[in-house]
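All remarks here apply to the structure that follows.
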Amino acid sequence: MTLHIETPALLFSATSLILLAYTNRFLTIATIVRSLKKTYDEHENKSILIEIKNLNLRLTLIRYMQLFGVLSLFLSVFAMLLLFFDIQLAGLYFFGFSLLSLLISLALSFWEISISVKALQVHLSDLIQK
């Protein structure tokens, strides 16, 4: 199989947009955690503590999503460098690892989204039951 230098370059725009979305999610959740921490310090409500733990898990997942997204971009660039120097086989393997890293990042994103949806369903269950 022959891999051209343009193929790994296709990941640039997609990976950059994904990393931007991950960063936005991280910043939003971090703001919510800070707000909930302040509320918890004032009222020490157990449900707030549970929500903070849930958000902490989500922040951890987002950190790993970002890590694997950046790794995917790094490996893709490295694959392009190898292809530029006409080292086909190594370039092919590094591009494969780049795709695998992107796949892991997306799987973690799916997991984080499912946790988010479940948390929202818990919040909305009070309204639905009324």
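The values are calculated or read from the model by the stated rules, or taken from the named source; none is laboratory data. For clarity, every value in this text was computed on a predicted model and none was experimentally measured. Note: ideal-geometry Cβ built from the backbone for every residue, glycine included; neighbour counts use all protein chains shown. Side chains are part of the model used for accessible areas, which takes the heavy atoms of the whole protein and leaves out ligands, DNA and RNA. Shrake-Rupley method; radii C 1.70, N 1.55, O 1.52, S 1.80 Å.
With viscosity 0.692 mPa s and temperature 37 °C, the Kirkwood radius over alpha carbon pairs of the chain converts through Stokes-Einstein to a diffusion coefficient of 196 µm²/s. When ARG58, ARG34 are compared by accessible area of protein heavy atoms, the largest-first order is ARG34, ARG58, using a 1.4 Å probe. For the chain, the membrane-span-like helix rule (DSSP H, alpha carbon extent of at least 24 Å along the helix axis, mean Kyte-Doolittle at least 0.5) picks out 46-84, 88-129; this says nothing about an actual membrane. The mean accessible area for residues of the chain, using a 1.4 Å probe and ignoring ligands and nucleic acids, is 68 Å² per residue.
With r as the distance between the Cβ atoms of VAL77 and LEU27 and R0 = 25 Å, compute the FRET efficiency 1/(1 + (r/R0)^6) and round to 0.05. Between LEU27 and VAL77 the formula returns 0.45. Neighbours of ILE48 by Cβ distance under 14 Å: Lys/Arg scored +1, Asp/Glu scored -1, total +1.
Distance distribution note for the range 74-130: the fraction of Cα pairs above 17 angstrom is 57%. Using the average count of surrounding beta-carbon atoms within 10 Å as a protection proxy, the listed peptides 104-113, 62-71, 120-129 rank, highest first, as 62-71, 104-113, 120-129. Above 18 Å, the calculated P(r) of the range 1-57 contains 55 percent of its Cα-Cα pairs. Among the protein heavy atoms of the range 1-54, carbon and sulfur supply 63% of the accessible surface, probe 1.4 Å, non-protein parts ignored. In a fully extended conformation the segment linking ASP41 and TYR93 would gain 13.6 nm over its present Cα-Cα distance, using 0.36 nm per residue.
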